[in-house]
Amino acid sequence: MPEPTNAPLSLVELKAKRKMIKNVNQEHKSKLSKLDKMAIWITDHVGTMGFFIIIFVWTLIWLSFNTLAPANYRFDPYPAFVLWLFMSNMIQIFLMPLIMIGQNLQSAHAEARAEADFEVNTKAEREIETILLHLENQNKMILQIVQHLDKTSQPKS
């Protein structure tokens, strides 16, 4: 019996077409420079509530002590704690670009993972289509066999 024109790919042909699945997470980590790793570390740690609470509590303690403590114990009296506020603003100004860099790197990593997921899904879809074609061909062949058996088993009168 001749092979249909839309014959499904054989298992060997499927395996030959298959690309190796790559681990995007490992590839992403291996491409990061030391500065990129530092930006991600800063983003991971600075972008937490724990860091926020530490900075908030430290600022409250600093300002409270230098405002409410006896004058001879204040190490940063009134005009000087304005310097602390200036320094904290400078820290924020420097941290913002680092956080954005880290977020951009994390976003690129997420994009690479999404692309890898798409490749896997596309490959799975091709393989499922091939399986379905194989099943269709098997159904056709089974119907032909049943029809042939029906013809041969009918009583000849």
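From the list Ala80, Ala116, Ala108, pick out the single residue that is surrounded by 10 or more Cβ atoms within 10 Å (Cβ to Cβ), part of a helix (DSSP H, G or I) and more than 17 Å from the chain's Cα centre (by Cα).
Exactly one residue qualifies, and that residue is Ala80.
Cβ-Cβ below 9 Å, separation at least six or inter-chain, first residue in region 22-38 and within 21 Å of Glu119 (Cα to Cα) and at pLDDT below 90, second assigned to a helix (DSSP H, G or I) and among the basic types (Lys, Arg): which pairs?
Val24/Arg113; Asn25/Arg113; His28/Arg113; Lys29/Lys37
Inside region 45-58, can you point out the residues that are assigned to a helix (DSSP H, G or I) and surrounded by 12 or more Cβ atoms within 10 Å (Cβ to Cβ)?
Those that are assigned to a helix (DSSP H, G or I) and surrounded by 12 or more Cβ atoms within 10 Å (Cβ to Cβ): Val46, Phe51, Ile55, Trp58.
Where residues in region 104-128 are of a type in the set (Val, Ile, Thr) and free of Cβ contacts under 8 Å to residues at least 12 places away in the same chain, which of them is farthest from Arg18 (Cα to Cα)?
The selected residue is Ile128.
Restricting to region 1-20, and then to whatever is in a loop (DSSP other than H, G, I, E, B) and at pLDDT 70 or above, can you tell me which residue is farthest from Thr122 (Cα to Cα)?
That would be Met20.
Got a sec? Which of Ile61, Ile93 is over 28 Å from the mean Cα position of the chain (by Cα), under 25 Å from Lys34 (Cα atoms) and free of Cβ contacts under 8 Å to residues at least 12 places away in the same chain?
Result: Ile93 is the single residue among Ile61, Ile93 that is over 28 Å from the mean Cα position of the chain (by Cα), under 25 Å from Lys34 (Cα atoms) and free of Cβ contacts under 8 Å to residues at least 12 places away in the same chain.
The values are calculated or read from the model by the stated rules, or taken from the named source; none is laboratory data. It should be emphasised that the depicted structure is a prediction, and the values quoted were computed from it without experimental measurement. Neighbour counts are summed over all protein chains in view; Cβ atoms, including those assigned to glycine, are modelled from backbone coordinates with ideal geometry.
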